[in-house]
Structures are given as C-alpha cells and as structure tokens.
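The values are calculated or read from the model by the stated rules, or taken from the named source; none is laboratory data. Just so it is clear, the structure is predicted and the values come from calculations on it, not from any experiment. All Cβ positions, even for glycine, are placed from backbone atoms using ideal geometry, and neighbour counts span all protein chains on display. Calculation scope for accessible area: heavy atoms of the full protein, side chains included, ligands and nucleic acids excluded. Shrake-Rupley method; radii C 1.70, N 1.55, O 1.52, S 1.80 Å.
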Amino acid sequence: MKHERGPLRVALLGCGVVGTEVVRLLREQADDLAARVGTPLELAGIAVRRPDKVRAGVDRDLLTTDAQSLVTRDDVDIVVEVIGGIEPARTLMLGAMKTGKSVITANKALLAEDGATLFAAAREYGADLYYEASVAGAIPLLRPLRESLVGDHVHRVLGIVNGTTNYILDQMDTHGAGFNDALEEAQALGYAEADPTADVEGFDAAAKAAILAQLAFHTPVTAADVHREGITEVSAADVAGAKGMDCVVKLLAICERVPSADGRNGRGVSVRVYPAMIPRSHPLASVREAYNAVFVEAESAGSLMFYGAGAGGAPTASAILGDLVAVARNVAGGTPGPVEVTYAKLPVLPMGETVTRYYIQLDVADEAGVLATVAEEFAQHGVSIQAVRQVGLGEEAKLVVVTHRAPDAALSTTVEGLRGLDIVREVASVMRVEGEE
Ligand SMILES: NC(=O)c1ccc[n+]([C@@H]2O[C@H](COP(=O)([O-])OP(=O)(O)OC[C@H]3O[C@@H](n4cnc5c(N)ncnc54)[C@H](OP(=O)(O)O)[C@@H]3O)[C@@H](O)[C@H]2O)c1
C-alpha cells in the first residue's frame, strides 16, 4: 500500500498491564492501522522504570528510563501515557504538548485532579488530548458524551464504573458473603489489588465521576468536588435487607444537573459516589461480576445505556488504539480534534442539598406506640415515608422504613434523631435507594 506521508511516530510512556497490550495491538494490527490512518504508526520508544524486566513481545531496543527526553524528541508525533498517577505523568504530558505533540492518556487520577492544566495546555499548543480509556475501560463513553451528545442537553449520568467493587458486591449478593471474604476472593482472582483502597473506598469511581460530570455538563468538576462513600461499611445484613426489598446493592457514580426554579437552566450539579440499593428490575442490577455499565439521560436522546468490560489490559488498550487512530488522523490531516470547553461554570452542590431516598432498618423495642414515635421523628424533619414494614417476629423483629425523596441533610438528621430514641435499640442499616420514583 502506498502512503502519502512518512510514518507517524508514537512514544509510549509505561509498559505495564495496559502498555504491553498497546504494544501488542500496534504490532499485530499494524497493516490495518496504517490503512485506517492513511500512514503507518511506528513505535519510537517506550519509557519504563525497570528496563531489565522481561516483557514478552516488546523490543528491548525501544526501552528507555529517560521519559522526559523521549516525549520531547523531534521524531515523536504522538505520546501515549499509561504510567498512571500524578507525577511524573503530568510533567511528561505537558512537556509533550509544549513541543507540539498530541497526547492520549488513560490516567483518570490525573484528569480528575488537574485536568484543567492539561486542557489549557492542549488549547495553548493546539495539541489533541484524548482520554477515552480513563473511564470504563473498553466502553465507548467519553467520545459519545464529547461528540455525539454535544448538541443535546444531558441531565443525568448514572452508572457502575468500578469493576472491583461490582465484583465484590455481586459475590455478597449471590453467595451471601461478607465484605472481607468477597474482597479476599476478588484479590485471589486478580480483580482487586493487594492494596484495594482506591477501589473499595470509592476513589477510583469518584475520579471517573468527576471526568463524566465535567464532560456531560461542560462545567469544571474535580475529584475533590465529588461526595464519596466506599463499600467497606456494606454488611451482609445490608445486602440481605436489599434482597428483602427485591433490590440489589451497587456502588453507583451519579452525576446530575439540578434544574433551577424555572426548570430550564442548571442551578448546579450533584456529583456523588456511594453504595445504593436499586430495584432488581433496573437494568443496572443485571450488571454482574466486574462489568461496568453507564446510563446517560439526555433531553432529546432520552435514555442511553453503555455496557462492557471496564478494565483489563486488552479492553483498555482497545480504547487507547481508538484514540490513537483518531489523533493520528487529526495529525496527518493537520486538523486538531475538539477541546473541552467548561463554559457552564455551574456550582457543585453540597451533598446535603442532594435529593435522594433512604432505606432504614431499625431494631426497635417490642411495645405499643413504637410506630407512631418513629413516624413522628421522620415528620419532624420533613421527611415523608413511602412504606413501613416489619420483618421477623417478636424480639427479632425489625422495622423497615423507606422514604420518599428528601434532601440528604434532612434524611441524615432523621437517622441521628432515630439513634437518640429510647425505643430504638439499633439503627441496623441505612442505605440510599436509587433507580426508581
Ligand atoms: N489496568 C487497567 O485495567 C486499567 C484500566 C483503565 C485505565 N488504566 C489506567 O492506565 C494507566 C496504567 O495502568 P496499568 O495497570 O497499565 O499500570 P501498571 O501495570 O502499573 O504499569 C505502569 C507502567 O508505568 C511504568 N512507570 C512507572 N513509573 C514510571 C516512571 N517514573 N517513568 C517511566 N515509566 C514508569 C512502569 O514501569 P515498569 O514496568 O518498569 O515498572 C510500568 O510499565 C493508569 O493510569 C491506570 O489508571 C488501567
């Protein structure tokens, strides 16, 4: 095949789980990629920490520990960053853009913490900055938000964006396992890291929620803006309680544009990550094991669902290769792709103002008047009850209350009030309810 220009040269930063798959795909699909771009893609160098480590299928002559020199080399056109973390990734990407290179990254942590600096550099130096792989692995989600839906009005993004926690919660639901047992199993199967903090405490999902909210609502959102609760406190009793309600517990990332009084303009955005019950009939309830799925609700498009593998070397590399072809076409054609515009400048609303529903399970004294006292506590805080029922009998009996939608602050002060009542022996379970009403 005849190509109109010389090869486009790619510098790869990092050659771990994702990077080795990028190398493999670049090699195995070289002819197809060249045909799709209109010119071959050639690896110019690969930056790693340990050059002596054995890496199957990777040309050792391409390895270097001097990432800084690699990204500024004149014979490099495009930089792919799969090192992860904040530094040196940020300095390397900025250095690449300053010297006219376009950048592709999978780095959710950096984008969520300091994406603004990277986007500003992309604008200033006319570079492309693509990051499809940073959220939900292989699932095409950012490009639809960034391009396909950019003419619509997105009002909600709701999804499961962390495979590790979904695997753990799925095991707890399917086998009645406790959190620690399910985590150990996830670690043994390679779904969870030795240090699982980023996943189980919700940091990973919060970074992705920030990226999604920023794209969906064209407004600046960082990881620090996201209300975050992980799954370490989810007990077997919570999961059993959810089952009793024909619900399942999922760690959800929720991004909402909260309308102003006139219903049209945004009053602000609510961005949050927490475990919540969703009805088993909800499509997200059927997302099992380590899969991811995201709902996008837009004014004209209606509801859209994206589903697939949210992590793993090959799925993530697929998203990177997609970006690489898009960026390579832009570079070859001399026309940069779209740059993020956060013109909306909507405030991120505090969690207390977020309107949600609670499921509360109470261990109460077995005596007359209990129901009225409990109902009075809800009424005092302006929280209306949707349903009350008793589960179990006699001393073992528990009272289950499900509320209508109310501000989160009112719901949490209600729970505090319940804890202070003499007739309440224990507030056994408190969980938000999403996906209906
Ligand atoms: N793994 C996934 O499923 C997945 C999914 C979506 C997104 N991501 C994102 O993709 C990125 C990479 O993840 P990964 O799982 O591939 O990580 P990884 O397996 O830990 O690989 C990291 C690579 O970066 C290299 N590296 C680390 N510090 C470096 C430095 N200072 N200079 C040069 N190279 C350095 C390491 O070199 P050595 O090999 O010599 O140690 C290694 O090759 C992260 O941003 C992650 O969040 C990963």
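Looking only at the range 61-73, which residues are surrounded by 13 or more Cβ atoms within 10 Å (Cβ to Cβ) and more than 12 Å from the ligand (Cβ to nearest atom)?
Leu62, Thr72, Arg73
Any residue that is open to solvent by 40 Å² or more (accessible area, probe 1.4 Å), within 29 Å of Gly85 (Cβ to Cβ) and more than 16 Å from the ligand (Cβ to nearest atom) - is there at least one of those in the range 193-215?
No, the range 193-215 contains no residue that is open to solvent by 40 Å² or more (accessible area, probe 1.4 Å), within 29 Å of Gly85 (Cβ to Cβ) and more than 16 Å from the ligand (Cβ to nearest atom).
Please work out if Ala223 is at pLDDT below 95 and of a type outside the set (S, T, N, Q).
It is false that Ala223 is at pLDDT below 95 and of a type outside the set (S, T, N, Q).
Check off (1) more than 14 Å from the ligand (Cβ to nearest atom); (2) buried (at least 24 other Cβ atoms within 10 Å of the Cβ); (3) β-branched (Val, Ile, Thr) for Val161 and give me the number that stays unchecked.
The one condition Val161 does not meet is (1).
Considering only the range 131-152, I want to know if a residue exists there that is within 16 Å of the ligand (Cβ to nearest atom) and among the charged types (D, E, K, R).
yes
Suppose we filter the range 321-349 for residues that are more than 16 Å from Arg5 (Cα to Cα), buried (at least 16 other Cβ atoms within 10 Å of the Cβ) and not polar (S, T, N, Q); how many remain?
So the answer is 11.
What are the residues in the range 10-25 that are surrounded by 22 or more Cβ atoms within 10 Å (Cβ to Cβ) and more than 13 Å from the ligand (Cβ to nearest atom), if any?
Listed by number, the list holds a single entry, Val10.
Can you pull out every residue in the range 168-191 that is farther than 23 Å from Gly244 by Cβ and open to solvent by 10 Å² or more (accessible area, probe 1.4 Å)?
Within the range 168-191, Leu183, Glu184, Glu185, Gln187, Ala188, Leu189, Gly190, Tyr191 qualify.
Can you find, within the range 191-209, the residue that is farthest from Lys108 (Cα to Cα) among those that are among the hydrophobic types (A, V, I, L, M, F, W, C) and over 8 Å from the mean Cα position of the chain (by Cα)?
Among residues in the range 191-209 that are among the hydrophobic types (A, V, I, L, M, F, W, C) and over 8 Å from the mean Cα position of the chain (by Cα), the one farthest from Lys108 (Cα to Cα) is Ala194.
Return the pair list, or none, for Cβ contacts closer than 9 Å from residues in the range 316-330 that are acidic (Asp, Glu) to residues that are within 14 Å of the ligand (Cβ to nearest atom), at least 6 apart or on different chains.
Taking only residues 6 or more apart or on different chains, the pairs are Asp323/Val80; Asp323/Ile104; Asp323/Thr105; Asp323/Tyr130; Asp323/Tyr131; Asp323/Glu132; Asp323/Ala133.
Regarding the range 166-181, can at least one residue be identified that is closer than 18 Å to Gly308 by Cα, touching a residue at least 24 places away in the same chain (Cβ under 8 Å), in a helix (DSSP H, G or I) and among the polar types (S, T, N, Q)?
Yes, the range 166-181 has at least one match.
Could you list, in sequence order, all residues of the range 44-99 that are touching a residue at least 60 places away in the same chain (Cβ under 8 Å) and over 19 Å from Asp114 (Cα atoms)?
Within the range 44-99, Val71, Arg73, Asp75, Val76, Asp77, Ile78 qualify.
What is the one condition in (1) assigned by TED's automatic domain parsing to the domain that holds Leu183; (2) open to solvent by 30 Å² or more (accessible area, probe 1.4 Å); (3) out of contact with any Phe, Trp or Tyr (no Cβ under 8 Å at 6 or more places or on another chain); (4) within 16 Å of the ligand (Cβ to nearest atom) that Ala253 does not satisfy?
The single condition Ala253 does not satisfy is (2).
Hey, among Glu416, Glu377, Glu367, Glu353, which residue is open to solvent by 30 Å² or more (accessible area, probe 1.4 Å), over 26 Å from Val271 (Cα atoms) and among the acidic types (Asp, Glu)?
Of the residues listed, the single one that is open to solvent by 30 Å² or more (accessible area, probe 1.4 Å), over 26 Å from Val271 (Cα atoms) and among the acidic types (Asp, Glu) is Glu367.
When you scan the range 74-105, how many residues do you find that are surrounded by 24 or more Cβ atoms within 10 Å (Cβ to Cβ), among the hydroxyl-bearing types (Ser, Thr, Tyr) and within 11 Å of the ligand (Cβ to nearest atom)?
Of the residues in the range 74-105, 1 are surrounded by 24 or more Cβ atoms within 10 Å (Cβ to Cβ), among the hydroxyl-bearing types (Ser, Thr, Tyr) and within 11 Å of the ligand (Cβ to nearest atom).
Looking only at residues in the range 222-235 that are surrounded by fewer than 16 Cβ atoms within 10 Å (Cβ to Cβ) and small (Gly, Ala, Ser), which one is farthest from the chain's Cα centre (by Cα)?
By that ranking, first place goes to Ser235.
Residue pairs, Cβ under 9 Å, 6 or more apart or interchain, first in the range 6-35 and without any contact (Cβ under 8 Å) to a residue 24 or more places away in the chain, second more than 16 Å from the ligand (Cβ to nearest atom) and acidic (Asp, Glu). List them.
Short answer, once both residue conditions are applied: Ala30/Glu42.
Can you pull out the residues in the range 26-60 that are within 16 Å of the ligand (Cβ to nearest atom) and in a helix (DSSP H, G or I)?
Passing the criteria: Leu26, Arg60.
Out of Gly302, Gly334, Gly310, I need the residue that is in contact (Cβ under 8 Å) with a residue 24 or more places away in the chain and among the small types (Gly, Ala, Ser). Which one?
Selected residue: Gly310, the only one of Gly302, Gly334, Gly310 that is in contact (Cβ under 8 Å) with a residue 24 or more places away in the chain and among the small types (Gly, Ala, Ser).
Filter the range 122-165 down to residues that are assigned to a loop (DSSP other than H, G, I, E, B) and of a type in the set (D, E, K, R) and give me whichever is nearest to Thr91 (Cα to Cα).
Asp128
State whether the residues of the range 27-45 include one that is within 30 Å of Thr197 (Cα to Cα) and outside the structural domain of Asp204 (by TED's automatic domain parsing).
No, every residue in the range 27-45 fails to be within 30 Å of Thr197 (Cα to Cα) and outside the structural domain of Asp204 (by TED's automatic domain parsing).
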